[in-house]
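For reference, the structure discussed in these notes is given below.
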Amino acid sequence: MSDSAASPALETRGLHKRYGAVHALRGIDLSVRRGEMFALLGPNGAGKTTLFSILATLLRPSEGEARVLGFDSARERVQVRQRIGIVFQEPALEGKLSVRDNLYLMGLFYGLSSRAARARAIELLRTLGLEEVAGREAQKLSGGQKRRVELARALVATPELLFLDEATLGLDVDARRQFWAEVRRYVGTGGTVFLTTHYMDEAEPADRIALIDHGRIIALGSPQELKARVGGGILLLATDDDAQAATWLREHGHHPEVSERGVLLVEPEPATVLPALLASLPVRTRRAEVHEPSLEDVFLKLTGRALEGSPAGPAPRAAGGRP
Ligand SMILES: Nc1ncnc2c1ncn2[C@@H]1O[C@H](COP(=O)(O)OP(=O)(O)OP(=O)(O)O)[C@@H](O)[C@H]1O
Ligand SMILES: [Mg+2]
């Protein structure tokens, strides 16, 4: 026990996963500290759920090792499962049961006495603001309420580590904000969070972020560290002909990326070069924007592709490709 208490919350070494011909994870080495909020950010099909499932003991790796709170996620599943809470990408509530009973049954499942399970359910209904809907069938809740009940369910056994896989998919802004406030409260009590998302704004509050693409971690660090890797500020130009603008910029010593948002340039002093560019570009600029790099820009810079919005596997739009 003392041994596992001193270990990182999560540690993987050389993790590979193959589904037949699909090589979903291609050598993942990660370490997540206790008390950390850690985000795995990547596009559809990147391997997030696969890595998540291995860490949460639901899937065996093809190669390599994953340790969770000091225990082997493949060989010591029981020890791991007793210590973690999981919110899945797919809904997992018992629709016909009341919210209260969903929580109560989960308590029993984790080995709480009937009395303790009931008390824990009541406590979670209160702290997560679910008292009003406690008696309602889970299937009759709104999307946001359902997700909060799923979070409550994951917290029933007071886990040391909380796994969240795309936990707020499909929720509106308010519901998402409320959900993350609860997660932050859990982190405030010393809990560790491992979350996956393909929304950069959901990864932003994390202590550290791993960017995953095609089964590989392509960058890892705090949000600030990742943004610093872009190497300057962002200049975004929406023109009448972005492809032509990009060609001209390349011929004039710049390194543009073309995305759905427009032509993107990384410049040490974007505001300083803007007037000269506007004056000499051979196409009309409809809109020009200067901003600090976002995680989206980091991903675009590293892969030449956009992170959000598009379904799996769009052809790279940026003519420049990989830097
Ligand atoms: N059971 C399976 N059998 C075969 N291939 C699979 C299976 N599960 C996932 N894959 C493939 O493995 C790759 C990674 O999938 P995974 O579900 O881990 O991605 P993800 O990052 O979670 O994507 P999303 O954002 O869409 O949830 C994809 O190419 C996917 O098609
Ligand atoms: Mg997934």
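The values are calculated or read from the model by the stated rules, or taken from the named source; none is laboratory data. Just so you know, these numbers come straight off a predicted model, no measurement behind them. Note that each Cβ is placed from the backbone with ideal geometry, even for glycine, and that neighbours are counted across all protein chains shown. Please note that ligands, DNA and RNA were not included when accessible areas were found on the heavy atoms of the full protein model with its side chains. Shrake-Rupley method; radii C 1.70, N 1.55, O 1.52, S 1.80 Å.
List of remarks:
- Within the stretch 116-270, percent of DSSP bridges classed antiparallel, to nearest 5: 70 percent
- Ranked packing of 233-243, 35-45, most packed first, by mean Cβ within 10 Å: 35-45, 233-243
- Spatially proximal lysines relative to LYS17 (Cα-Cα < 19 Å; intrachain offsets below 8 disregarded): LYS48
- Full-stretch length increase - ILE218, ARG115 - with 0.36 nm per residue and alpha-carbon distance subtracted: 32.3 nm
- Convex hull of Cα atoms in the stretch 227-303, direction-averaged projection (nm²): 4.6 nm²
- Residue-normalised accessible area of the stretch 150-206, given per residue in Å² at a 1.4 Å probe: 36 Å²
- Once the gyration tensor of the Cα atoms in the chain is diagonalised, the equivalent ellipsoid follows with semi-axes of 42, 23, 17 Å, ordered largest first.
- P(r) weight above 27 Å for the stretch 134-269, C-alpha pairs, percent: 42 percent
- Residues whose placed amide H lies under 5 Å from that of VAL87, excluding near-sequence neighbours: PHE163, LEU164, ASP165
- Extension reserve of the ARG177-LEU105 stretch, reckoned as 0.36 nm per residue once the Cα distance is removed: 23.2 nm
- Between helix 270-280 and the chain: long-axis angle, C-alpha atoms, 0 to 90°, nearest 10: 40 degrees
- Only lysines eight or more places from LYS140 in sequence, or on another chain, were considered; those with a Cα closer than 22 Å are LYS96.
- Point-charge dipole on Cβ atoms (K/R +1, D/E -1) for the chain, about Cα centre, debye to 20: 1060 debye
- Counting only protein heavy atoms and a probe of 1.4 Å, the accessible surface of the stretch 226-287 is 53% carbon and sulfur.
- Where the stretch 1-149 is the region considered: accessible area per residue in Å², 1.4 Å probe: 49 Å²
- The C-alpha radius of gyration of the stretch 98-181, expressed as a fraction of 2.2 N^0.38 Å, stands at 1.04.
- The chain - share of DSSP beta bridges that are antiparallel (%, nearest 5): 65 percent
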